[in-house]
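Below: the structure, in structure tokens.
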Amino acid sequence: MGGLVLWLGMVELWAVRRTGLTISGQFLVWARKHPWWAGVMAALLGGAVGYLVYHLTTGY
């Protein structure tokens, strides 16, 4: 788990050095240009997280 946190931190640092924005900031810039696609991506991510929570709590 520590390796994953370290890797994600390195990717975030690289993104900030390269673009001046965090990964979330880059997504927000993209979402303002493509609001419909951002809505689709948010729905898919929300569904995936919801199913993960459901699966972890019920076992199905």
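At-a-glance table
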item	result
In sequence order, calculated HN-Hα J values of the stretch 44-60 (Karplus, 6.51, -1.76, 1.60; Hz; x Gly/Pro)	5, 5, x, x, 5, 5, x, 5, 4, 5, 4, 5, 5, 8, 9, x, 9
Accessible-area composition of the chain, carbon plus sulfur, in percent [1.4 Å probe]	75
Among (i) 1.11; (ii) 1.05; (iii) 0.95, the entry derived from the coordinates for Rg/Rh (Cα atoms, Kirkwood Rh)	(i)
On Cα atoms only, tilt of 23-33 relative to the major axis of the chain in degrees	90
Within the stretch 20-55: backbone nitrogen closer than 11 Å to the V11 label point (7 Å, Cα to C-beta)	23
The chain - accessible surface per residue (Å², probe 1.4 Å)	89
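The values are calculated or read from the model by the stated rules, or taken from the named source; none is laboratory data. Please read all numbers here as calculations on a predicted model, not as lab measurements. No Cβ is skipped: glycine too gets one built from the backbone with ideal geometry, and neighbour counts run over all protein chains shown. When the accessible area is computed, the model is the full protein with side chains, heavy atoms only, and any ligands, DNA or RNA have been set aside. Shrake-Rupley method; radii C 1.70, N 1.55, O 1.52, S 1.80 Å.
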